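In what follows, a single structure is set out as structure tokens and then discussed.
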Amino acid sequence: MGDFFTVSVLVATLASGIRLATPFLLAGLGETIGQRSGVLNLGVEGVMLLGAFTAYYVTLETDSPTLGILAAIMVGLMMGLVYAFITLVMQAEQGISGIGIYLFGLGFTDLLFQKNVGTPIPISGLGDIHIPLLSDIPKIGEIFFQHSLPVYVAFALVPVVWFMINKTTFGLNIRAVGETPEAADTLGVSVNGTRLITILIANTMACLAGAALALEVGIFQQNLTAGQGFIAIALVYFGAWRSYGVMLGALLFGIVQATVLQWKTLGIVEGATASLTAMAPALLTIVVLVIVSRRVAAPSALTRPFDRSG
Amino acid sequence: MRADVGSIRSSALVRPFVALAVPLAAVAVAFTIGAIMLLALGANPITGYAALLDGAFGGWNELADTAIKSAPLLLVGVGICIAFRAGVINIGGEGQIIVGAIFSTVVALALPELPRVFLVPLVLIGGAIGGGIWGAIPGALKAYAGVNEILSTIMMNIIAAQFLSFLLQDLLTDKASGAIKIQQTERLSENADLPLLPGDTRLHLGVVIAVLVAVLGYVLLFRSALGVRLRAVGHNANASRYAGMPVKRSIVQALAFSGACAGIAGAVLVFGSESHRLIAEGGASGFTQSAGFNGIVAALFGSLHPLATIPASFFFGGMLTGGIALQQELQVPAALIVALNGIVVLFVVSSLKLRSRLTAWAESPGTGFTQVETDHDPTVPRTEDSLLASTARPPGSSAPSAPHEGDA
Amino acid sequence: MKASKTRAIASAAAAFALVTSACGSDDAADEPAAEPPAETEAAADEPAAEPAAEPMKIGIVAPSAENDLAWSQSMFDSVNRVGEGRDIEVAISGGLFVVEDAAAALRGYAEDGFDLVIAHGTQFGGPLQEIADDFPEVAFALGTSTDFFGKDNIFAYSVDAGQGGYVNGVMAAQLTASNVIGVVGPVPAGDAKLYIDGFVAGAEAQNPDAEVNVNYIDSFGDVQLASEAAKAHVANGADVLTGTAQMVVGATGVAAEEGIPWFGTQSNQTDLGADIVVSSQVYHWEIVLEQMLDKITAGTLGGEAFVISFENMGLEMEYNDGFGLDASVRASADATVAGISEGTIEVPAGE
């Protein structure tokens, strides 16, 4: 265990934790915005996969990760429109439509990958960006300021999302629509219009999360996200629908994962016991939540379709 | 629902007709999209779908395979009906299946000599207990610690899968496999094999058990005091609490029952399978078949009614079974089947609201389809509210009256 | 059923075939399938009068995609190599990690009259025992497995993955300057464990001071976790990496990014990192497939176990010319291969 507490190992672990947290954070922030407005999307995993494949494939064909990200954003907007139609117009049961999107995303990306690419071909990702001056700070610099662009964007979005929800008119609309849509409607706020925008944002961010993942690992594979979308959804609840809460949850999960990896690498745990330690992130998330135990109410209109005639 | 004595001229058939026609139309549209995808892949949709239908329903063996595939879906689905109706969203089916399977496997490993007539029920009970515990934990966390069940059930899934992986690396592994270690148990006691049903197919008792559980679930939900309580809590937890009902206990019970159903599914998956062992090679979903998620879909297709979930599961099971035949026939990647299932789910679930609107329209006066309205049948869910809506609020908290100011 | 028709025609050849086709693994005379028209003994004896020899139908059921650059691809590539020298029809159902679905696919191919149905996944062994009984006229193959359950229509096949692991380990121990080597594995089971155990043994035999850190990430598919595991190794000073299973593409990405030499297995992984892949242990299942097909043609549908190894050319080290491997290291690798083949070097089996 002594090996773990050397500075260089701790630094590497924290940096790794931040990288692992990034996809959860991006997707989780988007889902938070959606849920604050009353829309649940259980299909985040499928949308992330679509974004990941799009970014991968476009980057592979054009050799430009930037184009890959842009393409992923477009796909995110498209999926947002699809989900908005399903949820707002057809008023489908939100939990189930989410599972449908998950299955579709999972199968469709695998299919496209096998047909158009076949054997995994690595792509060049986005390189790390060392923030001038800050990245030279010993230790701290390595942990925080030597990551790739999506990591910075993800963490920068945390205060941005907070500001948007709490300090802007649009944010007020989101919250109103999520708590008391009938009242908001009588006040002239377009409930479905607001939700359309939050759905677009949520899906775009989920696609970005997938794109970030694909560019980070530099490859695509069937089920690349391996459950991260569902974890992101869980973190929205962990974070009590607050962007800082989601960030803390993502960091908790990511850093614990990174710690377990280090322990295995250093041989601190091995064999079958190592499988037990892999439970740690999930277990700790529950334990922390129990300890903290603030009972924050969900947005009252969550999963409830708005029907003016109703 | 208005009573209109005006014109009793018609159809008691309207409602069931619409109830079936709309989702079937949705399935047809979904399959059309699937056909387009197949064409794009250079495959023939006609032969493909023919193979799918044949593989799912084309003969006694095929029907048996479909029924076998549907059994875990039905079991999980019944559990979902109970949970959702009590106002709890249970996404933990996968984990509950796993723990149920583990418990039932341990029973079989511990008592291999027990005669079949005792061992089979014991492993099923073991599965129910395992799954019940795994469901009760998130239930208790929600009721007594305010932990949202979507979070806890997702996490419990991860924990269960890791636990299975741990158990099958050493403790429960087949010692006889020699140098090549594999994550599976030995072939479990034959006395625990689910008996085959007469008829020379692979149909086994698990299917009967699933239907039995569905009937029991129906009785529990709609014909028992406990069920009334659970549904009341699901409809309005606050009102129930003021009325003196034990809300917290009900939540735990709901998730425990839900988990128990999934746990039985786990036992059926292990002891009804052709391998007769618990396998984790390549991941837990190698044996759960993602029934924990697919069961949710089946339950919602069945409008959260345990008896309606029976045909819904059979249909979904048919899609899954037929999908394999389609893949073999057309030699397209199996991923297409997964995508197609997703599309079917999307279209059917989108059509459900349309269906209720159509039914309401057809039954409104002036369309000639009116019928004398009897009392609203409690077994048919109200479709005005989202079925999941009432779960969003944690128990014991009052509805906020004004939007929160940011307090991050 | 095709098999019985062939059996009737080749009855005269059957005796000869039985005598000449030796039991799999020690037959050093077997040629790699890459040789033009695989002239095996049994085929040579098929009378030319055989009515327009129908192609043999081979069905493969695999737990992952056939182009995963790992387990499933190894079999698919091998079957295709067999097809270069033989008239065969191949059908594949990949991505069937749900065991019951794979069982359904196995039955499907058996019912459709396939000559050889390959269950390419150890976990399929359970259901296969029952399926084989239902189709006594169909030949099945199961891998990785040394056990054919006493059935006379199941061939078992396995791989001495530890051998190539050992060779890779020997090279790795010479290439490392920091004396820290990193391994990224899935779960300690199957051929993954065989490979890694062999690798560790080879590295330690070559250089007892080298520290080999093994990280089983507990997943076959989590690419990001594999990537972070590789980075964790690098952070600990590893300057040579290896690994196995599909998620390994995450680790190779890290190796490519950091310019760290990579040793591959299961199939040729040069495409994953043209500058950094040193060598790959490639599975040549066709060595044993050819033998199985011959036996089937001759009327034996199973009842034997095969292993691919260096001795029978079922395993081959393929080197990446783009890497620029030091000649002396290469020579030591070649010597190790020879030693293992001859039996002078023994690869310890892990615990």
Check: Out of all the residues in region B:137-183, which are more than 9 Å from chain A (Cβ to nearest Cβ), free of Cβ contacts under 8 Å to residues at least 24 places away in the same chain and among the small types (Gly, Ala, Ser)?
Finding: B:Ala176, B:Ser177, B:Gly178, B:Ala179
Note to self: Filter region B:142-160 down to the residues that are more than 18 Å from B:Gly234 (Cβ to Cβ) and of a type in the set (A, V, I, L, M) and list them by number.
What the structure shows: B:Ala145, B:Val147, B:Leu151, B:Ile154, B:Met155, B:Met156, B:Ile158, B:Ile159, B:Ala160
Next item on the list: From the list C:Val288, C:Val307, C:Val282, pick out the single residue that is closer than 20 Å to C:Gln246 by Cβ, of a type in the set (Val, Ile, Thr) and either crowded, with 21+ Cβ neighbours inside 10 Å or within 14 Å of the chain's Cα centre (by Cα) (or both).
Entry: C:Val282
Checklist line | Selection count, region B:269-286, where residues are among the acidic types (Asp, Glu) and out of contact with any Asp or Glu (no Cβ under 9 Å at 6 or more places or on another chain) | finding: 1
Next item on the list: Kindly establish whether C:Phe97 is of a type in the set (Phe, Trp, Tyr) and modelled with pLDDT under 90.
Entry: yes
Next item on the list: Being buried (at least 24 other Cβ atoms within 10 Å of the Cβ) and modelled with pLDDT of 90 or more narrows it down to one of C:Gly165, C:Gly190, so name that one.
Entry: C:Gly165
Item checked: Residue count, region A:92-147 (criterion: within 14 Å of chain B (Cβ to nearest Cβ), charged (D, E, K, R) and not in a helix (DSSP H, G or I)) -> 1
Notebook entry, point to check: Restricting attention to region B:172-181, does a residue exist that is hydrophobic (A, V, I, L, M, F, W, C) and under 23 Å from the mean Cα position of the chain (by Cα)?
Noted result: no
Notebook entry, point to check: Which one of these does A:Phe108 not meet: (1) without any contact (Cβ under 8 Å) to a residue 12 or more places away in the chain; (2) within 23 Å of A:Gly227 (Cα to Cα)?
Noted result: (1)
Item checked: Residue match in region A:103-115 (condition: surrounded by fewer than 18 Cβ atoms within 10 Å (Cβ to Cβ) and more than 17 Å from the chain's Cα centre (by Cα)) -> yes
Item checked: Residues of region C:188-199 satisfying the condition of being in a helix (DSSP H, G or I) and within 12 Å of another protein chain (Cβ to nearest Cβ) -> C:Gly190, C:Asp191, C:Ala192, C:Lys193, C:Leu194, C:Tyr195, C:Ile196, C:Asp197, C:Gly198
Item checked: Yes/no for B:Thr201 being farther than 30 Å from B:Glu62 by Cα and within 14 Å of another protein chain (Cβ to nearest Cβ) -> no
Check: Quick one: in region C:232-267, which of the residues that are surrounded by 24 or more Cβ atoms within 10 Å (Cβ to Cβ), at the interface with chain A (Cβ under 9 Å from one of its Cβ atoms) and under 21 Å from A:Trp263 (Cβ atoms) is nearest to the chain's Cα centre (by Cα)?
Finding: C:Met247
Notebook entry, point to check: Restricting the search to region B:241-257, which residues are farther than 11 Å from B:Leu220 by Cβ, in a helix (DSSP H, G or I) and not charged (D, E, K, R)?
Noted result: B:Tyr242, B:Val247, B:Ser250, B:Ile251, B:Val252, B:Leu255, B:Ala256
Notebook entry, point to check: Does C:Phe323 count as under 30 Å from A:Leu126 (Cβ atoms), touching a residue at least 24 places away in the same chain (Cβ under 8 Å) and not in a loop (DSSP other than H, G, I, E, B)?
Noted result: no
Note to self: Can you name every one of the helices (runs of 4 or more DSSP H) wholly within region C:63-173 that holds 1 or more residues which are in contact with a Pro (Cβ under 9 Å, 6 or more places away or on another chain)?
What the structure shows: C:71-85, C:99-111
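The values are calculated or read from the model by the stated rules, or taken from the named source; none is laboratory data. Worth saying up front: this structure is predicted, and the values here are computed from it rather than measured. No Cβ is skipped: glycine too gets one built from the backbone with ideal geometry, and neighbour counts run over all protein chains shown.
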